[in-house]
Structures are given as structure tokens and as C-alpha cells.
1. If you take the square roots of the eigenvalues of the alpha-carbon gyration tensor of the range 24-103 and sort them as a ≥ b ≥ c, do you get rounded (a/c under 1.5), prolate (a/b over b/c) or oblate?
2. Quote the relative contact order of the range 136-295 in percent (integer), defining contacts as alpha-carbon pairs under 8 Å separated by 6+ residues.
3. Can you give the angle from 0 to 90° between the axis of helix 283-297 and the longest principal axis of the chain, with both taken from C-alpha atoms, to the nearest 10?
4. When only C-alpha pairs under 8 Å and at least 6 residues apart count, what is the relative contact order of the range 24-103, in percent?
5. Using the Kirkwood formula over every pair of different C-alpha atoms, what hydrodynamic radius in Å results for the range 184-304?
6. Could you please tell me the mean projected area of the C-alpha convex hull for the range 146-252, averaged over all directions and given in square nanometres to one decimal?
7. Taking only Cα atoms, what is the 0 to 90° angle, nearest 10, from helix 138-149's long axis to the longest principal axis of the chain?
8. Using only DSSP helix segments of four residues or longer, with each worth -39500 (n - 2.57), what per-residue ellipticity at 222 nm results for the chain after dividing by its residue count and rounding to 500?
Amino acid sequence: MPRTEDRAGDGAAHQPGRPAGAPLLIRLRGIRPSLSPAEDRVAEIVLADARRAAGLTISELASAASTSETTVLRFCRRLGLPGYPQLRLALAEESAQPRSLSRGDTDISASDTVDDIIAKVAFTDASAVEETAQGLDRDALTAAAAAIARAGRVDVYGIGASAIVGTDLQQKLHRIGVVAFAWNDPHIALTSATLLRKGDVAVGISHSGTTAETIEALAAARSNGATTVAITNFPVSRLAEGADIILATAARETSLRSGATASRIAALTVVDCLYIAVAQRNLRKARKAVAETREAVAGHHLPD
């Protein structure tokens, strides 16, 4: 399975679940939970204002983050960059892009008008879709689609908001004839995972990648020989560690947890891409199945 590793220090590798050319700020948000406290302070400054950070010398950035130049260099290597000049260049290029607003620009304040709220929510959601598409590993998507298309059975695990995404994936796969089940009860998920075998596929969905119940179910499925797929915003998370294939989203968090909406939209984008990639592998069969299932429920729609 295509599982690329993020080996800090070699300057050439890229994150698991991300293509080699994924935007730097997307990669940074993805690895942030794994950073040391000192590295995270550097990340905070970079993410708050990439344009300003690009203009700082290494000494100035280290001072602003209350850390050392050595930590800044280590931070660069965590992103697969050989040194600080490459970080400044990448930040300058990305901050010039139209959607490169800081987290503060999209956070909700007490003084915001309804128009402000709509604009910020729309921006956050649109960014989640756009950046997820940019950062989605094409090889991983292809491998996941191939595994699902030939699977005897597909289990999907998700808790809370991720359960909504899991149900959507199950429904889409079912419409094209893939035997799929979505479980949001931890006990039933574990029971089902225990019955999976080689040739089956288990998909675990968790924005944070730290949902214990989803991690446990995916681990059980993997131990029984199933191919495991993780859909998460953090490709170096515990959930990702237990997956053969990682499909990474790129949703931004805010203080009011709009990640609970933006993360869902980002994950649904991955689900849509995965569903279409599976359907494309046998397009004639998929189109026939969709037409037949649409006809089956046609009588339950009221006439105009």
C-alpha cells in the first residue's frame, strides 16, 4: 500500500497521506499535534501570519517563538525542507495566494455582523474543500478505491460528526452495489471488525485521529487481515498509524470549533472522491445500479 513516511531531517520525504507537492501550510497543520512545544510556538507564528513570518530572519523568528535557531531548523526539517531559506520562500509563495488568510481572519468575534459570519463560514468551508483537494494523495486514493472495489465487505467506523460522514460513505457505496456497513456504536463496531478477513476493507474516520473507539475498531480489523483506510486531518495521528492507506483532509480549526462543520465538509469531499473513484472502476455497473436504485425509490417522491 502507498504509505509514504515523514522522516524528519532528510529534506526529501513527504507526509503520509499527502502528495509530495502538497502546500506547506496544509502539511504544517497536519503535523502540528506531533510537534514539540517549542516547535509548536514556531508553527503558531507561521500559521497566524505566513506573510509576516516570511519576512523574519531565523533569529527574529526564533526570538518571537521564545526558542532557539536550532529549533527553527528542526521545524524546517519536520516539513521536509533542507533549511530556513526554503521555508521563507515557501511561505512567501503561499501567502501570495488568494486564500491565504490567517486563522484570526476566519475566527468569529462578538462584533461580527451576520454578513461577517456568513463570509467567514463560507470562506472556511470553501477553503476546506479546496485545500483538501490540493493535499489529497492521489496514489492513496487510487489504492483505497481499488481495495474497496474488490472487497467482499466494507466496514466504516466513525463517532459523533464522523458518523455522519461514515453513513454518507456507506450509503454511496451501497448505491453502486458494494456491500458496506457504517457503525457508530463502539461495541457493534468492534464486533463487526472482529469478523472481517483478508479481502475486506475497514475505513476509520476521525478528524483528530485520536478518537479511541475508532482507533480500536480499525486496529481490530487490521489484526484480522482487512485492509485499513484512515480518513483524518492529521496524517501522523494514532488513527493513521494503524492504517494501510491514509486519506488526509485539510480543515482549519477555530475557537468555536467550526472544525466540527468544516472538518465534516472536508471529509465529505474525500468521501465523494473515493466514491467516484470506486464507481469509475466499473462505470457501466455503477451507472446501472444508480439508475435501478433511483427507480426503486421514485414512487416515494411527491409529484411537482
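1. Here the range 24-103 falls in the rounded category.
2. Numbers: 328 pairs, mean separation 40.1, N = 160.
Relative contact order comes out at 25 percent.
3. 70 degrees
4. Result for the range 24-103 is 36 percent.
5. 16.2 Å
6. Averaging across all directions leaves 5.8 nm² for the Cα convex hull.
7. 20 degrees
8. On the way: 15 runs with 169 residues, N = 304.
Helix-only estimate at 222 nm: -17000 deg cm²/dmol.
Any read-out appearing in this document is the output of simple, stated calculations on the displayed coordinates, not a laboratory observation. What you see is a predicted model, and the numbers here were worked out from it, not measured in a lab.
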